[in-house]
Amino acid sequence: MTQAPQANDAPLVLAVPSKGRLQENATAFFGRAGLKFVKASGERGYDVRSMADLEDVASTMRARHGRKLRVATKYVNLTRRFFAEHGLADYRIVESLGATEGAPAAGTAEIVVDITTTGATLAANALKVLDDGVMLASEANLVASTRAPWGDRARAAARTILSRIAAEEEARTVREIRARLDLDASALAALTERFGARLPFGAPAAGAPLTLHCPDKAVFALVEELDRKGADDITVTAPTYVFRRANRLLERLDARI
């Protein structure tokens, strides 16, 4: 015999539109508050998570429908080599010259092989990346010649460029939190250590607002902790640039030239 859960133990149930513009707006609304919706499954598609699952789907399609799984891609040789490594043979390539991600919706292919940065375009087309389906990982790099004549003028220009790049990069991962809260030195030290935060301007003077820089992923947990400690007027902002005296990019360049 099982006991029914107490009423005060029941989870919060939130009803939102399941599709269309209202669903998009609701997702964006909650997203701006740092609350992300996770779908249990896409609007359409096979229950496939790995290359092994894909092989089963391809074999079933061949047996039941008498045709091979269609794969839309611009990267024919790379796809064939990757599929061969995973033992997938029941498929045929549909060469894509346009928007590859639209092939399944258009009915010309069941799956696609394409490049992606954030996966947003794939998700918009009800597609997902397989757990073991990444063929290559690539990135762009800023490179410098170690044999070039690095005079004072060139070094000054490099310092300006790398300082701005590092400042923008730092700002993308940092949030500034300000609040009215009085804490002693030990409490501040424990707070910064727990959330990976720092005091960019040091401990605040009596009556002055507390300013913290913390990783963006820790923002809401830190805000909740500040609230528990009695903080008021908590604000969170995203800096445009964060310039620090230490610049790892410039240090690496100086070490080579």
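Read the figures in this text as sums done on the coordinates, not as results from a lab. Since this is a predicted model, take the numbers as computed values, not measurements. FYI the Cβ positions are ideal-geometry reconstructions off the backbone, even for glycines, and counts take in every protein chain you see.
Values computed for the structure shown
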read-out: For the chain, size of Cβ-based charge dipole, Lys and Arg +1, Asp and Glu -1, in debye; value: 860 debye
read-out: Cα long-axis angle, helix 152-173 against the chain (0 to 90 degrees, to the nearest 10); value: 80 degrees
read-out: Quotient of Cα Rg and 2.2 N^0.38 Å for region 51-124, N being how many residues it contains; value: 1.09
read-out: Cα-based Rg / Dmax (Å) for region 152-248; value: 15.6, 53
read-out: Peptides 128-135, 111-118 ordered by average Cβ neighbours within 10 Å, highest first; value: 111-118, 128-135
read-out: Cross-link partners of Lys217 among aspartates and glutamates (Cα-Cα below 18 Å; sequence separation of 8 or more within a chain); value: Glu168, Glu169, Glu170, Glu176, Glu193, Glu225, Asp227
read-out: Relative contact order (percent, whole number), the chain, Cα cutoff 8 Å, 6+ residue spacing; value: 16 percent
read-out: Sum of side-chain charges, Arg92 neighbourhood, beta-carbon under 15 Å (Lys, Arg +1; Asp, Glu -1); value: +1
read-out: Helix 219-228 vs. the chain, principal-axis angle (Cα, 0 to 90°, nearest 10); value: 50 degrees
read-out: Dipole magnitude of region 152-248, debye to nearest 20 (Cβ charges: Lys/Arg +1, Asp/Glu -1, about Cα centre); value: 620 debye
read-out: Cα-based reach from Lys74 at 16 Å (exclusive), listing aspartates and glutamates while leaving out same-chain residues under 8 positions away; value: Glu95, Glu101, Glu110, Asp114
read-out: Leading residue at positive end of dipole, region 152-248 (Cβ point charges), from Thr235, Thr192, Ala157; value: Ala157
read-out: Scaled radius of gyration (Cα, divided by 2.2 N^0.38 Å) that the chain gives; value: 1.45
read-out: Shape box of region 124-187 [Cα atoms, principal axes, largest first, Å]; value: 53, 45, 24
read-out: Partners for Lys36 among aspartates and glutamates (Cα-Cα distance below 17 Å; same-chain residues under 8 apart left out); value: Glu24, Asp216
read-out: Nearest-ten-degree value, helix 20-32 long axis tilted from longest Cα axis of the chain; value: 30 degrees
read-out: Computed FRET value (nearest 0.05) for Ala190 with Glu170, which takes r as the C-beta separation and R₀ as 22 Å; value: 0.35
read-out: Cα centroid of region 47-62 to Cα centroid of region 118-147, whole Å; value: 24 Å
